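Down below is the structure, laid out as structure tokens.
The values are calculated or read from the model by the stated rules, or taken from the named source; none is laboratory data. The structure presented is a predicted model; accordingly, all values stated were derived computationally and were not measured. Note that we place each Cβ from the backbone using ideal geometry, even for glycine, and neighbour counts take in every protein chain shown.
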Ligand SMILES: NC(=O)c1ccc[n+]([C@@H]2O[C@H](COP(=O)([O-])OP(=O)(O)OC[C@H]3O[C@@H](n4cnc5c(N)ncnc54)[C@H](OP(=O)(O)O)[C@@H]3O)[C@@H](O)[C@H]2O)c1
């Protein structure tokens, strides 16, 4: 689980721990991961491996997959969750920020999927019913454009495309992929809009975790490429 230390990733890690998954967790801050690992073990995870890594640095990602493989041998599920949200109009957007956004939100997901495929294929070969799963956190802004979120939305649209192609290439062999594309979820990431979108009107972390849980429970014979989650009380075409 990437981006496991806070928000949606933390919620997913806890749900998986309660279900008895062994977990590899990552984010940038090792002290957060140490504390989280202890909490996940207390929740029921039989084994938790942690490794701090910056998703902006592809060189750190191979090591992450290597640590998981050395510990568990296969990978039942890859949760591509870490992401950053940066708002700004196209006219004013800083190109250095654009590079970082693409790196964390898209390139890291691509590199992790590519690096994890041998472990995912091994898990799929071992489980003829369930196969192996990839779930990526996209965003409703990758489906419906939103002013000020052009760069962020484009990275999330790219993830949707990546997941679709992965299904075309791998689902016949049991590795299926899904993208979850929510509107605003009540986490640290959305604190910047709290003055115009009250936190108690946002999708909850638990809602997103329940969708991920449903996707992970499917057999290898069904692939749901995307789940778009709107906020109640909106048109459904906005964050
Ligand atoms: N919240 C929303 O409204 C919303 C809506 C749609 C989609 N999403 C997507 O859902 C995912 C999770 O969002 P969230 O709301 O849970 O975010 P969050 O609360 O801000 O948590 C982000 C997580 O990603 C990690 N992270 C951030 N930058 C990183 C980097 N460069 N390298 C490694 N880890 C990094 C953070 O840990 P460190 O900072 O310690 O590294 C943290 O664990 C993201 O992909 C986001 O785009 C969120």
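Per the listing 151, 122, 136, the residue uniquely closer than 26 Å to residue 207 by Cα and in a helix (DSSP H, G or I) is 151.
Taking each residue of the range 107-122 that is in contact (Cβ under 8 Å) with a residue 60 or more places away in the chain and looking for partners that are more than 16 Å from the ligand (Cβ to nearest atom) and part of a helix (DSSP H, G or I) with beta-carbon atoms closer than 8 Å, six or more apart or interchain, yields 113/166. Within the range 169-190, being touching a helix residue (DSSP H, G or I) at 6+ places or on another chain (Cβ under 8 Å) and either over 30 Å from residue 147 (Cβ atoms) or exposed (fewer than 15 other Cβ atoms within 10 Å of the Cβ) (or both) holds for 170, 173, 174, 175, 176, 188.
Can residue 141 be described as within 10 Å of the ligand (Cβ to nearest atom) and crowded, with 22+ Cβ neighbours inside 10 Å? For residue 141, the condition - within 10 Å of the ligand (Cβ to nearest atom) and crowded, with 22+ Cβ neighbours inside 10 Å - is met.
Each row is one residue, and each column tells you yes or no for (1) modelled with pLDDT of 95 or more; (2) in a strand (DSSP E or B); (3) within 16 Å of residue 82 (Cα to Cα); (4) within 14 Å of the chain's Cα centre (by Cα).
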residue: 144; (1), (2), (3), (4): yes, no, no, no
residue: 160; (1), (2), (3), (4): yes, no, yes, yes
residue: 163; (1), (2), (3), (4): yes, no, yes, yes
residue: 170; (1), (2), (3), (4): yes, no, no, no
residue: 176; (1), (2), (3), (4): yes, yes, no, no
residue: 192; (1), (2), (3), (4): yes, no, no, no
residue: 211; (1), (2), (3), (4): yes, no, no, yes
residue: 218; (1), (2), (3), (4): yes, no, no, no
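Where residues in the range 218-231 are away from the ligand (no atom under 12 Å from the Cβ) and in contact (Cβ under 8 Å) with a residue 24 or more places away in the chain, which of them is surrounded by the fewest Cβ atoms within 10 Å (Cβ to Cβ)? The selected residue is 222.
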